[in-house]
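Q: Sharing a structure, written as structure tokens. Questions coming.
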Amino acid sequence: MTTVGTGDLKYKPVEQWLYAPSGDLITEAVGVAVDSENKVYAFNRSGGVQPAVIVFDSDGNLLDQWGQDDFTRPHGIWITESDTLILTDDLGHRVRRFTTSGELLGEVGPSDGVPADTGVEGFDYRKIRPGCGPFNMPTNAVTTSAGDIFVADGYGNARLHKFSPEGTYEQSWGEPGDGPMQFNLPHGLAIDASDRLYLGDRENSRIQILSTDGELLDTWTNVIRPCEIFIGHDELVYVAELGALKGVFPWQDFGDDAIGGRISILDQQGNLLCRWGGEVIAHSKTDFYAPHDIWVDRDGDIYLSEVTLSAANATRSNPLDFWTLRKFARVR
């Protein structure tokens, strides 16, 4: 049996988990999340050709699908403890709440879909002038124990926004740059049981940890372009790292020693406990092409989504037959 990880954190790749090539059901799983019943939700980016939300059981059997015409470009998915979905639409410049069956519950922040005027050109975060209010290509959202909603914003802004449980805008933090409380593409977002926020400051290759009042608590730099973060029931920190080989911008050069995508597991002090992936050629079942989102279910199994097509287009490379949604089962 092929396994990855170390010590008590060992996993086995579940091969052909969906029992079909990913393209038969999913064009590109940009996000993945699991609800209280262990149902798996893939946020599918297909240009409107397929449903945007596809639901499976933990064995990979199709249960439901919806939202084909509801999103301009799907990006991030979050499921609350009460099983409300919060979905970010980056090119639609919107964040919305849905039931698990696809009923729209409401907007988070502005609903007009007009991008905030940050000065960004395309996806060039270097052109963002001082950050502003929501939204310009938001990326991911989380909810606190009190129900407040935080949104990372994102490709066209450099801010973390706070909203009330009803979705009313309250406050923002952040500016473009690489200093404390500055962001170059705030992409991933997670929250722990103490309501500490973990923000994946992707193009600065770090995780900034904040209080819900916007106080910077810590900064971790032992990651490479963190796309998404998840805090498991075990309170460990699971990180999907894009790495420096795929999804790079034209102006970036990471050199000959660039590392590929990988999964890292850390404790809440930032100590590395387990890591795998990172190879230059990601053809093995234990390696990755372009990790984008990560979730851990109640059994400790890891689900990972990869932006195989988007990353390939960015680097003009061939994603071959890499799967876009994968599962690693915890070995106990």
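The values are calculated or read from the model by the stated rules, or taken from the named source; none is laboratory data. As the structure is a computational prediction, the values presented were derived from the model and not from experiment. Glycine gets a Cβ as well: all are built from the backbone with ideal geometry, and neighbour counts include every protein chain shown.
Q: Please find, among LEU210, LEU217, the residue that is closer than 21 Å to GLY270 by Cα, crowded, with 17+ Cβ neighbours inside 10 Å and modelled with pLDDT of 95 or more.
A: Numbers: LEU217 fails: crowded, with 17+ Cβ neighbours inside 10 Å.
Going through LEU210, LEU217 in turn, the sole match is LEU210.
Q: Being touching a His at 6+ places or on another chain (Cβ under 7 Å) and among the charged types (D, E, K, R) narrows it down to one of ASP201, ASP153, so name that one. So that I can check it myself, show each step before the final result.
A: Details: ASP201 fails: touching a His at 6+ places or on another chain (Cβ under 7 Å).
Testing whether each residue is touching a His at 6+ places or on another chain (Cβ under 7 Å) and among the charged types (D, E, K, R) leaves just ASP153.
Q: Just to be sure I understand, how many residues within the stretch 1-48 are assigned to a strand (DSSP E or B) and in contact (Cβ under 8 Å) with a residue 60 or more places away in the chain? Walk me through how you get there before you give the answer.
A: Step one: list which residues in the stretch 1-48 are assigned to a strand (DSSP E or B), which gives 4-6, 9-13, 29-34, 40-44.
The next check asks that each one be in contact (Cβ under 8 Å) with a residue 60 or more places away in the chain; those that pass are 4-6, 9-13, 29-34, 40, 42-43.
Number of matching residues: 17.
Q: Return yes when MET137 is modelled with pLDDT of 95 or more, crowded, with 24+ Cβ neighbours inside 10 Å and under 21 Å from the mean Cα position of the chain (by Cα) and no when it is not. Don't jump to the end; show me each part of the working.
A: Numbers: modelled with pLDDT of 95 or more: yes; crowded, with 24+ Cβ neighbours inside 10 Å: yes; under 21 Å from the mean Cα position of the chain (by Cα): yes.
So MET137 fits the description; yes.
Q: Just to be sure, is SER46 within 21 Å of TYR303 (Cα to Cα) and modelled with pLDDT under 95?
A: Details: within 21 Å of TYR303 (Cα to Cα): yes; modelled with pLDDT under 95: yes.
Answer is yes for this residue.
Q: Next up: Test each condition in (1) loosely packed, with under 14 Cβ neighbours inside 10 Å; (2) of a type in the set (Asp, Glu); (3) more than 26 Å from SER310 (Cα to Cα); (4) out of contact with any Phe, Trp or Tyr (no Cβ under 9 Å at 6 or more places or on another chain) for GLU107 and report the one that comes out false.
A: (1)
Q: Six or more apart or on different chains, Cβ atoms under 7 Å: show the pairs whose first residue is in the stretch 125-138 and touching a residue at least 40 places away in the same chain (Cβ under 8 Å) and whose second is of a type outside the set (A, V, I, L, M) and in a helix (DSSP H, G or I).
A: Sorted first by the residue in the stretch 125-138, then by its partner, the pairs are TYR125/GLU203.
Q: How about the stretch 15-42: which of its residues are closer than 23 Å to ARG330 by Cα and surrounded by 21 or more Cβ atoms within 10 Å (Cβ to Cβ)?
A: LEU18, SER22, ALA29, VAL30, GLY31, VAL32, ALA33, VAL40, TYR41, ALA42
Q: What are the residue pairs meeting all of these: first residue in the stretch 222-243, first residue without any contact (Cβ under 8 Å) to a residue 24 or more places away in the chain, second residue surrounded by fewer than 24 Cβ atoms within 10 Å (Cβ to Cβ) and in a loop (DSSP other than H, G, I, E, B), Cβ atoms under 7 Å, and 6 or more apart or on different chains?
A: Once the first residue is without any contact (Cβ under 8 Å) to a residue 24 or more places away in the chain and sits in the stretch 222-243, its partners that are surrounded by fewer than 24 Cβ atoms within 10 Å (Cβ to Cβ) and in a loop (DSSP other than H, G, I, E, B) give ARG225/SER205; ARG225/ALA244.
Q: Moving on to the next point. What pairs come out if I take residues in the stretch 304-332 that are at pLDDT below 85 and pair them with residues that are in a strand (DSSP E or B) whose C-beta lies under 7 Å away, six or more apart or interchain?
A: As it stands, the answer is PHE322/GLU306, since those pairs meet every condition given.
Q: Are any of the residues in the stretch 246-256 at pLDDT 90 or above, surrounded by fewer than 21 Cβ atoms within 10 Å (Cβ to Cβ) and either touching a helix residue (DSSP H, G or I) at 6+ places or on another chain (Cβ under 8 Å) or within 21 Å of ILE229 (Cβ to Cβ) (or both)?
A: Of the residues in the stretch 246-256, the ones at pLDDT 90 or above are none.
No, because not a single residue in the stretch 246-256 is at pLDDT 90 or above, surrounded by fewer than 21 Cβ atoms within 10 Å (Cβ to Cβ) and either touching a helix residue (DSSP H, G or I) at 6+ places or on another chain (Cβ under 8 Å) or within 21 Å of ILE229 (Cβ to Cβ) (or both).
Q: Across the stretch 49-87, what is the number of residues that are assigned to a loop (DSSP other than H, G, I, E, B) and either of a type outside the set (A, V, I, L, M, F, W, C) or crowded, with 17+ Cβ neighbours inside 10 Å (or both)? Before the answer, list the steps.
A: The first filter runs over the stretch 49-87 and keeps only residues assigned to a loop (DSSP other than H, G, I, E, B), leaving 49-52, 57-61, 67-73, 80-84.
Adding the requirement that they be either of a type outside the set (A, V, I, L, M, F, W, C) or crowded, with 17+ Cβ neighbours inside 10 Å (or both) leaves 50-52, 57-61, 67-73, 80-84.
Counting residues in the stretch 49-87 that are assigned to a loop (DSSP other than H, G, I, E, B) and either of a type outside the set (A, V, I, L, M, F, W, C) or crowded, with 17+ Cβ neighbours inside 10 Å (or both) gives 20.
Q: Quick one: GLY174 ticks every box in (1) over 20 Å from the mean Cα position of the chain (by Cα); (2) on the phi > 0 side of the Ramachandran plot except a single one, so which number is it?
A: For GLY174, the exception is condition (1).
Q: Something else: Can you find a residue in the stretch 115-133 that is in contact with a strand residue (DSSP E or B) (Cβ under 8 Å, 6 or more places away or on another chain), under 21 Å from VAL151 (Cβ atoms) and outside the structural domain of ALA190 (by TED's automatic domain parsing)?
A: no
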